[in-house]
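Student: Have a look at the structure that comes next, please.
Every read-out reported here was derived from the displayed coordinates using simple, explicitly stated rules and does not represent laboratory data. Predicted model only: the values in this text are computed from it and were never measured. Please note: Cβ atoms are built from the backbone with ideal geometry, for glycine as well, and neighbour counts cover all protein chains shown.
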Amino acid sequence: MGTMPEKKPKTARRVFTLILAYLLFCVAGGVVASGFMLPAVFGANTVAKSLTAQLQAEDIDFELADLPQQSRMYARDGKTVIATFYEQNRIIVPLKNISDLMQKAVVAREDHRFFEHTGIDPQGIARAFVQTYIKKGDTQGGSTLTQQYVKNILIDQALENDDPIAAYHAQEETIARKLREMLISVELEKTYSKAEILQGYLNIAQFGKNVYGVETAAQRYFSKSAKDLNLVESATIAAITKNPTSYDPLVNPTEAEKQRNITLDLMSEWGFVSKAKTDEAKKIPLSKTLHKKSVAVGCQAAGNAAYFCDYTLHQIENSPLYGKTLKERKRLVKQGGLNIYTTMDVNAQNAAWKAVTNNLPIDDPSGYENIIAAIKPGTGEVLALSQNRIYDVAGSPGTTKTSMNYAVDQKDGGGTGFQIGSTWKPINFAAWVKSGHSINEPLATYTSYPVSSFPGAGRATDVWELQNSGGGTVSPETPLQALNQSHNTTQASMAQIIGLKPIADMAQTLGYHRPDGQAITKLSPSMVIGTMPASPLTMANVYATIAANGKECTPIAITKMTSSSGKTFKVPSANCHQAVSSAVAQTTAYAMNLNVTQGIAGAAQLSGGRKTYAKTGTSEQNALATSGFVPQVAAFAIITNAENSGTSLYGTINGVYRSSWYGSDIALPTWKEFMETYLSTAKIPVDNSYGNPDSAALGGGSSSGSSSGDTGNTGGTTGSDTGNTGNTTGNTGNTGNTSGTTSGTTSGTTSGTTSGTTRQ
């Protein structure tokens, strides 16, 4: 059925039709509207002017694109649907994408004189009057398809405006409502063609429980597009609108088949299809034609991508690009017919889910979380987010179901973050390189440091006591050796020489911020062994900056967003920029590679001779971490008791008992499995060209600050009041041990001294 020529009868004919319709409704209803004077007492021109004035006062939006319709979120391939969001499950399609048989079926069932009347149908009204009040049969309304379209538009517009009273009045069975509907229908047909009205009706009508529009119905009941519907399928769908609940073929198949056959009879009766074809179609059992397709709603239906989905939603809800208020942004997602194209790589997301659940199953008796975040260096694009939990907005503490996304910051649906131990140490190293010092400079190290000796720590009288994993310290030791063996005492000596502020500045430059979104405001010596909290995504981004030759980007989840009407929205920018020099980034990468080939992270070595950059970390036995990269992907993995942060990890985890756990025990295998699986499935080529140290950074050691005892030097008086409240502890694993991580937490002591042991 193509576009029909539009008929434009004279105004007088329209007015006569309205008069007849009004009289019929008054007689049928047994009442005359109070104060209403019959239009017959006026001349045709007067009535026309009156009608026009009333209709011009109506603020009615007939734009199809403004109808509530479902939004869809896609993976980076632009094809894989991650999730669907809607308040009314609808997909708008043009009439050309609706099969001719579907168009004929709905016209035959609802209004077979659709192409002849002018918006209201006197014959239909008369027929309804006779059937309802003369023959005393079933109640019939006599509404045209145009009137039904108007009714649906008025209801939807009232709901859109949060006006339930208007929505009620738009569907109540009163003469006033019917007359208003007729007036608007007449005016509507002045402006729109029959084809446009039919297109509008087919897209707005309800075709089952939470099924709106013919395209959604075709997908729901037959798993196909509306353009491909055959005769039987078209008749099935067309019948539903009479009673969307009772005639839903998935709810009441017996009644749905009966109604389908009625529609088929009407199609042949009104000459749309031959009787032979409809008789043959009626013989086909409804059950053999259905091919159900569920359209689950929201992130809860996104499978292993649920937490990435949730992160992306927060990116939209947090951005003023998509509305002035949170309410407007949420409405846009649920009603705006958006196509949201994300950065999520299906291969990466699947690899992340496998890695976290294989290395720490969801139902492990320990109850601990295994979390991973991955980013594409130099782009800010988040490739994957995963944790060994089931996404559930109704989840509760102590269960394996939660909507808390531990991989991200608080504003993005995450928590307060985690201490990340020795995975912080590359930040110290980068700050050291930027300061102009040699990475081979021998430094004197100690187990006791006056807090006031750290530039930026203020004039505190506390003493920070710490040691390496095997006890004591190594003196002298170079920063390069210290990173390879994850020694804590050398980190303290480095900070004593260059100050705490350059380290905090380097952290921020590389992409670090606290999970509450704030920068480091209080400087404490213990920060150099990983006591600052961070989300896994933030740390993955820090490592991505090192991997990208010093280019730092804000993590992003959306690459493009459009509406069904073709509108293109702006998306949050990654703001990529050169944060640190190539010399600093590549020298730090060089040291991280030596941590794999010569240091304690040897188990992180990836297969195929791929040059690997990694660092492990443990924070006071309450978090196990591993972070690392290759030029194409950076990832951070952490195991922790997220619901009870600060609780030590001990005993049996994933069927293995250990009195002490380190980052290389579970976090490293998680990180490595993710990297191996993703690099393989995504067919990412080996690139061993990165990690070339700056020659100046390799040079001979400066003696500044390396002699023993010169701990009370330089001191910055700016900065921090931390370190004087307590006891900063940090344990770092055995020298040369492949497991390892660092840590540190603060707890107050009355003596004001600080102590610490650290683990790699």
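Student: I need the shape label for segment 513-627. Rule: rounded when a/c is under 1.5, else prolate if a/b > b/c, else oblate, with a, b, c from the alpha carbon gyration tensor.
Tutor: prolate
Student: What Kirkwood hydrodynamic radius, in Å, does segment 330-369 give when the mean of 1/r is taken over all pairs of distinct Cα atoms and then inverted?
Tutor: 13.0 Å
Student: Cα extents of segment 214-329 along the three principal axes, largest first, in whole Å?
Tutor: Principal-axis extents of segment 214-329 (Cα, largest first): 59, 30, 25 Å.
Student: Please report, in debye to the nearest 20, how large the charge dipole of segment 303-374 is about its Cα centre when each Lys and Arg carries +1 at its beta carbon and each Asp and Glu carries -1 there.
Tutor: 540 debye
Student: log₁₀ I(q)/I(0) of segment 274-401 at q = 0.14, 0.19, 0.22 Å⁻¹, via Debye over equal Cα point scatterers, no solvent, to two decimals?
Tutor: Result of the Debye calculation: -0.77, -1.14, -1.32.
Student: Compute for segment 395-492: radius of gyration divided by Kirkwood radius, i.e. Rg/Rh, restricted to C-alpha atoms, rounded to two decimals.
Tutor: 1.13
Student: Taking a ≥ b ≥ c as the square roots of the eigenvalues of the Cα gyration tensor of segment 533-578, is the shape rounded (a/c under 1.5), prolate (a/b larger than b/c) or oblate?
Tutor: Since a/c reaches 1.5 and a/b is larger than b/c, the shape of segment 533-578 is classed as prolate.
Student: Let me ask something else about it. Over segment 342-437, one equal point on each Cα, no solvent: what is log10 I(q)/I(0) by the Debye formula at q = 0.15, 0.20 Å⁻¹?
Tutor: Each listed q maps to, in turn, -0.73, -1.11.
Student: Sorted by packing (mean other beta-carbon atoms within 10 Å per residue), highest first, where do 677-685, 232-240, 550-558, 185-193 land?
Tutor: 232-240, 550-558, 185-193, 677-685
Student: Give me the dipole magnitude in Debye, nearest 20, for segment 210-302 about the Cα centre, with unit charges on the beta carbon: positive for Lys and Arg, negative for Asp and Glu.
Tutor: For this selection, approximately 180 debye.
Student: Return the subset of 96/282; 104/275; 354/611; 104/292; 79/224; 209/293 for which the Cα-Cα distance in this structure is over 19 Å, preserving the input order.
Tutor: Result: 96/282; 354/611; 104/292 exceed 19 Å.
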